[in-house]
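S.K.: Sharing a structure below in structure tokens format, with a few things to ask.
The values are calculated or read from the model by the stated rules, or taken from the named source; none is laboratory data. Everything numeric here is computed off the predicted structure, so don't read it as measured data. When the accessible area is computed, the model is the full protein with side chains, heavy atoms only, and any ligands, DNA or RNA have been set aside. Shrake-Rupley method; radii C 1.70, N 1.55, O 1.52, S 1.80 Å.
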Amino acid sequence: MKLKWVRHLGMVGAVALGIGGCRSAAVADRQGLLRPLEQVDFDRARQLKDILEVCLERGCFIDRETFEFYGGMPDELMVRASRLGLTRLHLRLDMARLGSDSYFAELAAMAAAAHRHDLKINLLLRESAFDYRRSGNWAWREWFDSPEQQTARQLDRLLAWLPDGRSGERLPLDGLTLELSAHESGRPGALFNWYPNGYGIGRDNDELMKASFQFAERLHDLSGGALPMTVVVPYDYHLQAASGNLSCGSINDFWKFADQVIVLAFANTSTQVEAQTAAVLAAADKPEAVLIGLQVARHPVGDRDSVRRRTFGQFLNVLAGVTDEAKMRQSFGGVNFSDFYSLENIWEW
């Protein structure tokens, strides 16, 4: 049996050692939790790469858990990602550590390792991480109007790390990735709330969508366009906008600030993925700029919104079904996996 769960549980102790100052010991402990790759792993990786060969880009999100596990040994992560045929990794920003010199060094080390293995690196931001409360109300549209607010400080720290042609040390990034999260808005005292009956021009969902667009446009402008920008959205933004229920959110609206869009599908069969994304791919007028975002389940049962492993062969069949249909569309640019841990789990079990 593979030691995936041993590795998962062992991370707690390994990271704790790192906090205690024994970083080299922590790295050694985590290296010991990595099972050496075997011939079956190489064969599976080759099969996966063969299926994904039709994709111009093959991306994957790197969450905090994976980032911390591979901290101090980023080349190990890049070797595995490269073997699976991935071409771009999106490192999720830990807002709590934004501005930290040690965090900057860790991100820079990851980016440098990625480039050594011919992988591209994006910094992954979540829109909802930049919100704030004011006078009991959640004022989306005032994010950039009050420099003293927390959001302005966070953005200042972020922008200080981005390549912009000025002097000073910057992260060697290949792009910015922004997850729009208007659909997750719903808090007590909020100015607007997203809810099933909130569609319609000028209603809550529409106002939240417009605020998300304003945030994305401002982030693009503040960064000076120095980095290509990828936007992550659920598939139904386009469907609702195309039906006249939202004033923005159609796939072609995103090209104002995005070079690429990852459209999230929530399904565990290729037929369901196609049903959710076909209209988006058909409507998009930018070649090879739409990626299908696949949610990958960590467990073989219990998650109907994600691609599950069951067996590795069944996982490959789902991917083949997705790419065989999508590649017929000129706008299709590839696929993106929801997190590396889950993808790695399917690969190794």
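S.K.: Residue 296's amide H: which non-local residues (gap 5+, or another chain) put their own amide H closer than 5 Å, with H modeled 1.01 Å from N in plane and none for Pro or chain starts?
M.R.: 307, 338, 339
S.K.: Report the percentage of all Cα-Cα pairs in region 33-76 whose separation exceeds 18 Å, rounded to a whole percent.
M.R.: 51
S.K.: Then there's this: If you plug each phi of region 72-86 into the Karplus form 6.51 cos²θ - 1.76 cosθ + 1.60 with θ = phi - 60°, what whole-Hz ³J(HN,Hα) values come out, in order, with x for Gly and Pro?
M.R.: Along region 72-86, the couplings run x, 9, x, 5, 4, 5, 5, 4, 5, 5, 5, 5, 7, x, 5 Hz.
S.K.: So which aspartates and glutamates pass the test for residue 256, namely a Cα distance under 14 Å, with those fewer than 8 places away in the same chain ruled out?
M.R.: In chain and number order, the partners are 217, 221, 285.
S.K.: With only alpha-carbon atoms in the gyration tensor, what are the semi-axes of the equivalent ellipsoid for region 191-349, in Å, largest first?
M.R.: Ellipsoid semi-axes (Å, largest first): 29, 18, 16.
S.K.: Would you please classify the overall shape of region 206-276 from the alpha carbon gyration tensor, given that a ≥ b ≥ c denote the square roots of the eigenvalues, rounded means a/c under 1.5, and beyond that prolate means a/b larger than b/c while oblate covers the rest?
M.R.: Taking the square roots of the gyration eigenvalues as a ≥ b ≥ c, region 206-276 is oblate.
S.K.: On to the next question. Can you list the residues, at least 5 places off or on another chain, whose amide H is less than 5 Å from the amide H of residue 262, using H built in the peptide plane?
M.R.: Close amide H contacts, sequence-distant or interchain: 231, 232, 233, 291.
S.K.: Rounded, prolate or oblate: pick one for region 54-109, where a ≥ b ≥ c are the square roots of the eigenvalues of its C-alpha gyration tensor, a/c under 1.5 means rounded, and failing that, prolate if a/b is larger than b/c, else oblate.
M.R.: Cα axes put region 54-109 in the prolate bin.
S.K.: Right, something else. Relative to the compact-globule scaling 2.2 N^0.38 Å, provide the ratio for the alpha-carbon radius of gyration of region 34-131.
M.R.: 1.16
S.K.: Considering only protein heavy atoms and a 1.4 Å probe, what is the carbon-and-sulfur percentage of the accessible area of region 273-347?
M.R.: Carbon and sulfur: 45 percent of the exposed surface of region 273-347.
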